[in-house]
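Take a look at the structure set out below.
The values are calculated or read from the model by the stated rules, or taken from the named source; none is laboratory data. All values reported here derive from a predicted model rather than from experimental measurement. Reconstructed Cβ throughout: ideal geometry from the backbone, glycine too, with neighbour counts over all protein chains shown.
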Amino acid sequence: MTQLGLTDAVRDVIRRDLLVALRRRADALTTVVFFVIVTSLFPLGIGPEPAVLRMIAPGVLWVAALLSCLLSLGRLFTTDYVDGVLEQLVLVPQPLTVLVGAKVAAHWLISGLPIVLLAPVLGLQYGLGGDVLGVLTLSLLLGTPTLSLIGAIGAALTLGVRGSHVLIALLVLPLFIPVLIFGAGAVTSYIAGIGVEANLSLLGACLMLAVVLAPWATAAALRIALE
Amino acid sequence: MQWNSLSEFLAMGGYGFYVWVSFGATALCLIGEVVLVRRRHAAVADGDGGGVS
Amino acid sequence: MSVTDINWFKYSSPQALYPLAGKLTPWFSALAVILMGAGLYIGLLLAPTDFQQGDSYRIIFVHVPAAWMSMFLYVVMALWAAIGLGLKARPSYMMAQAIAPTGAMFTFLALLTGSLWGKPTWGTWWVWDARLTSELILFFLYLGVMLLRTSIDDARRADRASAVFALVGVVNVPIIYFSVQWWNTLHQGASVSATAAPKMAAMMLLAMLIMSLGFWMYSIAVILARLRCVIREREERSSVAGQVERPVAVGGV
């Protein structure tokens, strides 16, 4: 059993999570539908003025992405926690940090990637042009994995805690703020003609930092929760 | 000494409201915290038989 | 997950800590009163009026120390949390628990006084600039640490979970500091830095530093006092055998 390579284990974890998501399609769909509905509500609340919509689009799309990520975080570990799979993940010889990384990757594929792919379509609703949509997609592509990584820490910390749904929002949303600022900032500064490099680099830096630190913190939090 | 009279001091060059609300709020918070901690201490000290001390 | 899981041997340490904290508190309280008195005297009565901002600048004598303390205390709290996680030491978790409310209070004060300073200086109560925003994030982080602790019934898990979150949040503190350089908007650059220091009159700087020292001593005094409450409360709770630990009331803000 210990001969099962690390890459195999990672692949198995991702495959299993994707299969579970496929079997519970409604759960994954909820996140995406939520994203679509929230972004569609803003023009209805604010009015159809194209200039205004174009101005608020980056922020609205990014905040909606943030919230739908938050919505999906509850599922990240809860099912595995309830059916005992999580305890086995802790016990297997492969490092928990890497397995957590795999679970986060699966979570991003299920709830992050659809948002990245949908964002350009929803951006059209706000009258964004072709290259702006490209920047928006790129910023989301760089930013949403960071959201999943940070969110995993919150999900692990609040695992099985009463009132965890509200608590996780309180813990995770403040940590999301830098990503929001740089992500929406990239699009806004592109529209303003300032150039996107600075914001995208910072977004990339956040991702790098999260990739290094978040799985480690999540693994620690999971161990604490399972003890 | 910067001030010629008490009213001048209280006026703070026209910024009295902002200055005194800031200092007042700070004083209130610090004193309030001390009171709360004391009350908390009293609550624990009353409640038990064999304390640590 | 019950009280019986607690390592009783570690209890010897809080027992030594309790009287020590009690002995130190009056000294730090006295220092705090003296320093804050001196700081207020110099800041409000002796320091000259600023030629640009008039007397509204005097808010910095509470604003800057509060902001400094809010960040400093967070780092200290995270440090105790790290020590707790590293050495599995209960007293350091207790320290972290005792620090959080005071840190949150200073963060709140920094935001409030900053806003009161902003109104006459920039003409608006709130600006979405980097430092104010980061300070707001810091406030949320403190609330997160405290609420996570209160939401978890098992004291051991509460200790360790909030410690992990405090450490995760500490990544945010350097961002707070460097964010000023990243997108400096309406907020003036850091008033006190190696290059900017000559801008401030020596008297102003002196008052600010004395006030900061006073706030520091105050924090130590009130945190040690709260530490005693925490030790007492935990001991009381665990002395009731078999009873599941109740969430710790994080009062004092």
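One table, with the values for the structure above:
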| read-out | value |
| --- | --- |
| Unique residue being assigned to a helix (DSSP H, G or I), within 14 Å of chain A (Cβ to nearest Cβ) and under 27 Å from C:Arg58 (Cα atoms) when the list is C:Thr133, C:Thr121 | C:Thr133 |
| Candidate set: the stretch A:128-166, residues that are surrounded by fewer than 24 Cβ atoms within 10 Å (Cβ to Cβ) and of a type in the set (S, T, N, Q); chosen: the one farthest from the other protein chains (Cβ to nearest Cβ) | A:Thr137 |
| Given (1) crowded, with 20+ Cβ neighbours inside 10 Å; (2) of a type outside the set (S, T, N, Q); (3) in contact (Cβ under 8 Å) with a residue 60 or more places away in the chain, index of the condition C:Leu111 fails | (3) |
| Number of positions in the stretch C:94-114 that are more than 9 Å from chain B (Cβ to nearest Cβ), within 27 Å of B:Tyr15 (Cα to Cα) and either of a type in the set (Ser, Thr, Tyr) or touching a Ser or Thr at 6+ places or on another chain (Cβ under 7 Å) (or both) | 2 |
| When residues of the stretch C:224-236 are limited to those that are under 18 Å from the mean Cα position of the chain (by Cα) and among the basic types (Lys, Arg), the one farthest from C:Gly37 (Cα to Cα) | C:Arg228 |
| Residues being within 16 Å of A:Thr144 (Cα to Cα) and surrounded by fewer than 16 Cβ atoms within 10 Å (Cβ to Cβ) - total across the stretch A:210-227 | 2 |
| Filtered residue count, the stretch C:38-86, keeping only those that are part of a helix (DSSP H, G or I), more than 11 Å from chain B (Cβ to nearest Cβ), free of Cβ contacts under 8 Å to residues at least 24 places away in the same chain and surrounded by fewer than 17 Cβ atoms within 10 Å (Cβ to Cβ) | 1 |
| Residue within the stretch C:180-203 that is touching a Phe, Trp or Tyr at 6+ places or on another chain (Cβ under 9 Å) and at pLDDT 50 or above present | no |
| Any hit, the stretch C:212-223, residues being surrounded by fewer than 18 Cβ atoms within 10 Å (Cβ to Cβ), hydroxyl-bearing (Ser, Thr, Tyr), modelled with pLDDT of 65 or more and under 20 Å from the mean Cα position of the chain (by Cα) | no |
| Number of the exception - C:Asp153 against (1) more than 17 Å from the chain's Cα centre (by Cα); (2) part of a helix (DSSP H, G or I); (3) acidic (Asp, Glu) | (2) |
| Extreme residue, nearest to C:Pro174 (Cα to Cα), among residues of the stretch A:182-212 that are facing another protein chain (nearest Cβ under 9 Å) and in contact with a helix residue (DSSP H, G or I) (Cβ under 8 Å, 6 or more places away or on another chain) | A:Leu202 |
| Test result for C:Ser29, modelled with pLDDT under 85, of a type outside the set (Val, Ile, Thr) and within 27 Å of C:Trp216 (Cβ to Cβ) | no |
| Extreme residue, surrounded by the most Cβ atoms within 10 Å (Cβ to Cβ), among residues of the stretch A:56-94 that are without any contact (Cβ under 8 Å) to a residue 12 or more places away in the chain and not acidic (Asp, Glu) | A:Val85 |
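Residues are listed down the side, and each one gets a yes or a no for (1) surrounded by fewer than 16 Cβ atoms within 10 Å (Cβ to Cβ); (2) modelled with pLDDT under 85; (3) not in a helix (DSSP H, G or I):
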site	(1), (2), (3)
B:Asn4	yes, yes, yes
B:Val19	no, no, no
B:Ala25	no, no, no
B:Leu30	no, no, no
B:Leu36	no, no, no
B:Arg40	no, no, no
B:Asp46	yes, yes, no
B:Ser53	yes, yes, yes
